[in-house]
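*Asks:* Once you've had a glance at the structure underneath, I'll fire off some questions.
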Amino acid sequence: MAFEAQSGSMVDVEQYWHQLMQQGTVLLEHDDVVGALVSFEQACILARSLADRWDDIDDALAAVVASHLGFSEALERAWRIDDAACALCEAHGVLLQASRDATLTPPARLCALRHLRGTTAALLRFQLSHGVRADMESGMHEAWNCAAQLAPAAGMQPLPMTLH
């Protein structure tokens with residue numbers, strides 16, 4: 001099922017994205033890893049390519065993150081561990097970039113920072129299962145740095161660097 005972004009409204013695009021995500025989830029639940037990979041990859045492409053056109057920045061960032069998390073899980077089930085790690089790092093990178101983007105409003109940057117918690121948790125879970133990876137460690141340290149810079153300006157307490 002192809003979708004022409006030019007022919008529909010953003011509501012149509014968002015509905016199509018939701019359909020791709022639901023389809024990927026159902027396929028993964030039924031152990032159709034190949035089908036799930038296709039659905040989640042299409043959802044990633046759609047979310048990333050149209051993120052700046054979504055009505056709500058929070059929804060746009062959530063779509064990018066959810067797509068990549070689903071894609072990563074499907075890749076992991078297909079034993080494509082390096083590709084799964086790349087998908088997680090890509091979502092994390094999008095959020096890092098958004099949190100540092102001076103052209104975005106402060107609330108939008110804080111939204112990206114909030115979503116970084118989810119990708120950081122996913123990176124940690126991945127490393128618990130597959131071992132420490134330098135690319136993931138670097139991304140998590142960058143997230144801590146962003147939080148340390150943005151959180152005080154928003155009246156938030158940054159998280160401590162060590163977790164006990």
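*Asks:* Per-residue HN-Hα couplings for region 118-126, Karplus 6.51 cos²θ - 1.76 cosθ + 1.60 at θ = phi - 60°, whole Hz, x for Gly and Pro?
*Replies:* Going residue by residue, I get x, 6, 5, 4, 5, 5, 5, 4, 4 Hz, with x marking Gly and Pro.
*Asks:* Hey, could you pull the Cα Rg and Dmax for region 31-84, both in Å?
*Replies:* Using the Cα atoms of region 31-84, the pair Rg, Dmax is 11.8, 36 Å.
*Asks:* Can you compute the charge dipole magnitude of region 72-129 about its Cα centre, using +1 on each Lys and Arg Cβ and -1 on each Asp and Glu Cβ, nothing else charged? Give it in debye, rounded to the nearest 20. Each step should come with its number before you reach the end.
*Replies:* Values: 7 positive and 6 negative charges, 56 e Å.
That gives region 72-129 a dipole magnitude of about 280 debye.
*Asks:* Using DSSP to define loop residues, name the chymotrypsin sites (Phe, Trp or Tyr not before Pro) in region 13-116 whose beta-carbon has at most 11 other beta-carbon atoms within 10 Å. Walk me through the numbers before you get to the answer.
*Replies:* On the way: sites: TYR16, TRP17, PHE40, TRP54, PHE71, TRP79; in loops: TRP54, TRP79.
Hits after loop and neighbour filter: TRP79.
*Asks:* May I pose another question? What three numbers, in Å, describe the spread of the alpha carbons of region 1-112 along their principal axes, ordered from the longest?
*Replies:* 42, 33, 18
Computed from the coordinates by the stated procedures, all read-outs in this text should not be read as laboratory data. Treat the numbers as computed from the prediction; the structure is a model and nothing was measured. Every residue, glycine as well, gets a Cβ built from its backbone with ideal geometry; the counts of neighbours run over all protein chains shown.
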